[in-house]
Structure formats: C-alpha cells, structure tokens
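The values are calculated or read from the model by the stated rules, or taken from the named source; none is laboratory data. As the structure is a computational prediction, the values presented were derived from the model and not from experiment. Heads up, the Cβs are rebuilt from the backbone with ideal geometry, glycines too, and the neighbour counts pull from every protein chain shown. When the accessible area is computed, the model is the full protein with side chains, heavy atoms only, and any ligands, DNA or RNA have been set aside. Shrake-Rupley method; radii C 1.70, N 1.55, O 1.52, S 1.80 Å.
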Amino acid sequence: MNINTPVRLATRKSPLAICQSEIVANLIRSKMGLEVELLRVSTTGDQRLEWSLQKKGGKGLFTKELEQALLDGRADLAVHSAKDMPTENPDGLVLSAFLKREDPRDVLVIRSGMCTIEKIASGSPRRTSQLKARFPSAQWMELRGNVESRLRKIAENHEADGTILAAAGLNRLQIKEFEGVDFEVLPVDQMVPAPGQGAIAIQTRLVDREKFSVLGDPPTEAAVGLERKILDGLGGGCQVAIGAHVQEGKVYFYHQATGIIKIEMNGKTDEELVRDLVERTK
C-alpha cells in the first residue's frame, strides 16, 4: 500500500461503531503514519431491527457484510466489537489485533423510581441467565436499536423497566448518566462478561495480518485469546449462556451447569484451562 493511499476501514453505521472506528483510525494515523477513510456498511442486523437475535443467530448478522467488503477488496480492515465475533473467520480473513480493553463490565439500566421490575429487555442468554435469580418474576424481552435509542425506549417510551448494556459502549459514547434511568455497574464476579467484552477487534485479510498487528495491545490479546478459546472449546455462540473473562491472573466463568466460578491461572496453559472448564460443564 502506498503511504499516500488511505487505509479503507469498514465499519457499521451505528454511533458506537463509528466511535470505535475513529479510535482505530486515530491509532493507525499515530502508529503507522497512514491516513484513513471510513467505509460505512449497513449490516443485516442493522437493517432488520424486527428480527430476534436469539432466533436468527446474532453474531453473523453484524459481521457478514463487513467481511465481504474485505474479501472483495473494498476495505483493508474491518472494526468489530470483539464480543460480537464468531470464533471462526471466513477463509482468507483473520483477527489481526485487539486494542486495549475498555471497562469489560455490564451495566444494569433501570427506569428511575421503579420499585417492581416486571419487564427487562435483553436478547443475550448470558445476561438473562445470570440475572434471573435477582429478578425471578420478571418477563424477559428483546429491545433492538443503538445505545441511545434503547435508553430512550426505557426512560421515555416505557417499553421495558430495564435493560443491560456494556460499560465499554457507554464509556466510549461518553454517556455517564441519562435522564430517566439509573445505572448500576455489575462486578465481574456477579455478572461474568462475554468473551472479548470491552475490546475492539481488527479483522483483515490474512496477507495483511502482520502489517496491522502493530495496533494490538499484548495483555488484551492474551486475555481475549484465552476467552475466545474457552468459547470455542464449549461450542458457544449467541444462543449459549457462556461468560468468560480473564483478569489479574484469574478466569471468571459462567455456564448454566456451573454457575459463576473463579479459577486461579497459576501458570496453567490456555489448553489446560480450557480442558478444565469443559470438564466442569459436563
């Protein structure tokens, strides 16, 4: 690539996706000395807001069109939320880097003044499974849309009494508070995050892997790499309630068969840790 030729970055069109892509673009400019232009792509998941992510298979709905832009040469890299990425890449594509992780925790959002929570919006089996004990009588539903539209649907339209959002997304959008709702950040030992949650993933063609690997953050890449191996070892996806988070020498793990557990890594290899967790779920 000529130094004067801009790097073409494929991104979804949502405010959060654009924000994350600008973070990557700035990193490319500062670390690689290259200019960047954004290719805004509308994905199937963005177009079909009436679809249930659980029923339609959520992960691929937000990645396929970005990946196609890489495969047909319209883009040089694609930016994704790492937690949205399947464990397998299409032939010829690879995850070349994971940027330094933001806050990995989940945030419980409840409409202000609510004493009894009757309806909670979440299409994530991981989130609903871990919170059912806290809200045993609540009805669970899906609520689609970008972050701000979902907050308005809770605060203004009363479509549900609450929802769960990623702290990383709120932080990147600089949403510290929102009129009409209250935020409660959930510790990782009470709500285990999704594998890769809080990290931005950069996907490229295989031949460009080394070139863009300079953008990665080694500690994040080691942690997210193990989290994704755990997910892959358990055959997980959007329809499976699995949480896995690596932090300070510990693996926090959630599965319906185990509940929330914490394992000290103590020098074990990734393969040993994955085998241990797979055995515990049998």
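Structure data summary
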read-out: Residue match in segment 244-254 (condition: among the aliphatic types (A, V, I, L, M) and either at pLDDT below 95 or part of a loop (DSSP other than H, G, I, E, B) (or both)); value: no
read-out: Hey, L143 outside any helix (DSSP H, G or I) and touching a Ser or Thr at 6+ places or on another chain (Cβ under 7 Å) or not; value: yes
read-out: So R127, is it of a type in the set (D, E, K, R), farther than 17 Å from S21 by Cβ, surrounded by fewer than 18 Cβ atoms within 10 Å (Cβ to Cβ) and in contact (Cβ under 8 Å) with a residue 40 or more places away in the chain; value: no
read-out: Complete set of residues in segment 242-262 that are exposed (fewer than 15 other Cβ atoms within 10 Å of the Cβ) and not charged (D, E, K, R); value: Q247, G249, Q256, A257, T258, G259, I261
read-out: D182 being surrounded by 13 or more Cβ atoms within 10 Å (Cβ to Cβ) and over 19 Å from the mean Cα position of the chain (by Cα); value: yes
read-out: Residue within segment 132-148 that is open to solvent by less than 20 Å² (accessible area, probe 1.4 Å), among the polar types (S, T, N, Q) and within 27 Å of L66 (Cβ to Cβ) present; value: no
read-out: Residues within segment 122-133 that are in contact with a strand residue (DSSP E or B) (Cβ under 9 Å, 6 or more places away or on another chain) and part of a loop (DSSP other than H, G, I, E, B), tallied; value: 4
read-out: Those residues of segment 22-55 which are in a loop (DSSP other than H, G, I, E, B) and either farther than 30 Å from G123 by Cα or at pLDDT below 60 (or both), in sequence order; value: G33, L34, E35, R48, L49, E50, W51, S52
read-out: Criterion violated by K262 - all others in (1) in a strand (DSSP E or B); (2) in contact with a helix residue (DSSP H, G or I) (Cβ under 8 Å, 6 or more places away or on another chain); (3) not aromatic (F, W, Y) satisfied; value: (2)
read-out: Strands (runs of 3 or more DSSP E) completely within segment 162-240 that count 1 or more residues being under 17 Å from M85 (Cβ atoms) and among the hydrophobic types (A, V, I, L, M, F, W, C); value: 162-166, 200-205
read-out: Complete set of residues in segment 265-282 that are open to solvent by 60 Å² or more (accessible area, probe 1.4 Å) and part of a loop (DSSP other than H, G, I, E, B); value: N266, G267, K268, T269, K282
read-out: Single residue of segment 205-240 satisfying the filter (buried (at least 24 other Cβ atoms within 10 Å of the Cβ) and of a type in the set (V, I, T)) that is farthest from L16 (Cα to Cα); value: I230
read-out: Check on G198, small (G, A, S) and either open to solvent by 20 Å² or more (accessible area, probe 1.4 Å) or farther than 30 Å from D72 by Cβ (or both); value: yes
read-out: Segment 106-144, subset more than 18 Å from the chain's Cα centre (by Cα) and of a type in the set (V, I, T), residue farthest from Y254 (Cα to Cα); value: T116
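Per-residue answers, yes or no, for (1) under 30 Å from K31 (Cα atoms); (2) touching a residue at least 40 places away in the same chain (Cβ under 8 Å):
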{"residue": "D208", "(1), (2)": "yes, yes"}
{"residue": "T220", "(1), (2)": "yes, yes"}
{"residue": "R228", "(1), (2)": "yes, yes"}
{"residue": "L231", "(1), (2)": "no, yes"}
{"residue": "L234", "(1), (2)": "no, yes"}
{"residue": "A244", "(1), (2)": "no, yes"}
{"residue": "E248", "(1), (2)": "yes, no"}
{"residue": "H255", "(1), (2)": "no, no"}
{"residue": "I261", "(1), (2)": "no, no"}
